[in-house]
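Okay, so here's the structure we're looking at.
The values are calculated or read from the model by the stated rules, or taken from the named source; none is laboratory data. Predicted model only: the values in this text are computed from it and were never measured. Cβ atoms come from the backbone with ideal geometry, glycine included; neighbour counts cover every protein chain shown.
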Ligand SMILES: NC(=O)c1ccc[n+]([C@@H]2O[C@H](COP(=O)([O-])OP(=O)(O)OC[C@H]3O[C@@H](n4cnc5c(N)ncnc54)[C@H](OP(=O)(O)O)[C@@H]3O)[C@@H](O)[C@H]2O)c1
């Protein structure tokens, strides 16, 4: 069995099998942290773990955790298990996400899929892990997207009558960015939260942008720097790369954030009932 060293920082990177998450997990391990690598299923997780170790990552500081974010019960179980196991969590990187499917799709929990995977699941996971983040005086890094700036929240139906994949993706990132600001209020001085558009990087998700990106490895230093205790960040802030930036107006709207908090709690309660 792996034994966690008591001195190293503990980091959870969601969606670390591919794209931006994989080199970020790798870089944290190389920096001496104990890393919990999250995957949606055991197979893709084990493949990523094998690849990381083959690439030279230290296996004694690498742990695999699995939860499919299309199932909120799996997310809740993962959050409970980690909260029971870890005395403290230094950094939670909510990175896992999907590009919105071509057609409106609901999860078995009855929620529009993009909204659930990209926002509601990280919301639930973070809620479960808040006491451990507080024990560490940790950081939550929500990987957002600058597409959130052009988004709205369709409060009543989430995907609305008309469904556009890019709008669904942007809506999920707007919700995540709004939540980050609310987290800063909840966490107070106990932990710090920020959201970040890391840049545009080659990945399976990139077709959403219709753009050519940088190699995904180049995102890792941005996320590890933001996660460093030595790098001061604005609590609740939205970053583009390493720079504080202006988020969508709705992020600054306290009433809208309260409405999102209520919607999120209602959706989670009805899914886990
Ligand atoms: N790439 C860009 O240019 C860009 C720009 C701005 C923001 N972002 C954001 O950066 C983050 C990483 O994206 P990426 O570009 O690296 O995409 P990616 O290569 O597609 O990686 C997404 C990760 O999320 C995991 N995932 C997918 N569906 C999941 C589910 N149902 N449950 C749990 N995990 C799931 C994937 O696991 P499997 O591979 O095993 O399915 C993978 O590890 C996302 O939040 C994205 O919105 C990316």
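Observations on the structure shown:
- Hey, residue 266 over 17 Å from the mean Cα position of the chain (by Cα), farther than 24 Å from residue 91 by Cβ and assigned to a helix (DSSP H, G or I) or not: yes
- Qualifying residue in segment 62-76 (condition: farther than 15 Å from residue 128 by Cα, modelled with pLDDT of 95 or more and over 18 Å from the mean Cα position of the chain (by Cα)): yes
- Test: residue in segment 181-193 that is at pLDDT below 95, part of a helix (DSSP H, G or I) and crowded, with 19+ Cβ neighbours inside 10 Å: yes
- Failed item in (1) free of Cβ contacts under 8 Å to residues at least 60 places away in the same chain; (2) surrounded by fewer than 24 Cβ atoms within 10 Å (Cβ to Cβ); (3) outside any helix (DSSP H, G or I); (4) within 16 Å of the ligand (Cβ to nearest atom), with residue 196 passing the rest: (2)
- In a residue-by-residue description of segment 245-253, the property of being more than 15 Å from the chain's Cα centre (by Cα), assigned to a helix (DSSP H, G or I) and exposed (fewer than 15 other Cβ atoms within 10 Å of the Cβ) applies to at least one position.
- For beta carbons closer than 6 Å, sequence separation of 6+ or different chains, a first residue in segment 229-249 that is in contact (Cβ under 8 Å) with a residue 24 or more places away in the chain and a second that is in a loop (DSSP other than H, G, I, E, B) and surrounded by fewer than 19 Cβ atoms within 10 Å (Cβ to Cβ), the qualifying pairs are 241/199.
- Residue check, residue 169 in a loop (DSSP other than H, G, I, E, B) and either more than 30 Å from residue 189 (Cα to Cα) or touching a residue at least 40 places away in the same chain (Cβ under 8 Å) (or both): no
- When 17, 24, 114 are screened for being over 24 Å from residue 267 (Cβ atoms), within 13 Å of the ligand (Cβ to nearest atom) and free of Cβ contacts under 8 Å to residues at least 60 places away in the same chain, only 17 passes.
- Hey, residue 206 in contact (Cβ under 8 Å) with a residue 60 or more places away in the chain, surrounded by 16 or more Cβ atoms within 10 Å (Cβ to Cβ), within 14 Å of residue 145 (Cβ to Cβ) and within 15 Å of the ligand (Cβ to nearest atom) or not: no
- So residue 176, is it part of a helix (DSSP H, G or I), under 22 Å from residue 259 (Cα atoms) and either within 15 Å of the ligand (Cβ to nearest atom) or within 15 Å of the chain's Cα centre (by Cα) (or both): yes
Listed here are the residues, each with its yes/no results for (1) in contact with a helix residue (DSSP H, G or I) (Cβ under 7 Å, 6 or more places away or on another chain); (2) more than 12 Å from the ligand (Cβ to nearest atom); (3) farther than 17 Å from residue 28 by Cβ.
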{"site": "218", "(1), (2), (3)": "no, no, no"}
{"site": "223", "(1), (2), (3)": "yes, no, no"}
{"site": "229", "(1), (2), (3)": "no, yes, no"}
{"site": "235", "(1), (2), (3)": "yes, yes, yes"}
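- Some residue of segment 146-153 being touching a strand residue (DSSP E or B) at 6+ places or on another chain (Cβ under 7 Å), within 23 Å of residue 20 (Cβ to Cβ) and buried (at least 22 other Cβ atoms within 10 Å of the Cβ): no
- Flag for residue 126 being closer than 23 Å to residue 234 by Cβ, within 10 Å of the ligand (Cβ to nearest atom) and assigned to a helix (DSSP H, G or I): no
- Residue list for segment 27-48, restricted to those being within 13 Å of the ligand (Cβ to nearest atom) and touching a helix residue (DSSP H, G or I) at 6+ places or on another chain (Cβ under 8 Å): 37, 38, 39, 48
- If you go through segment 84-109 and pick out every residue that is more than 10 Å from the ligand (Cβ to nearest atom) and in contact with a helix residue (DSSP H, G or I) (Cβ under 7 Å, 6 or more places away or on another chain), you end up with 13.
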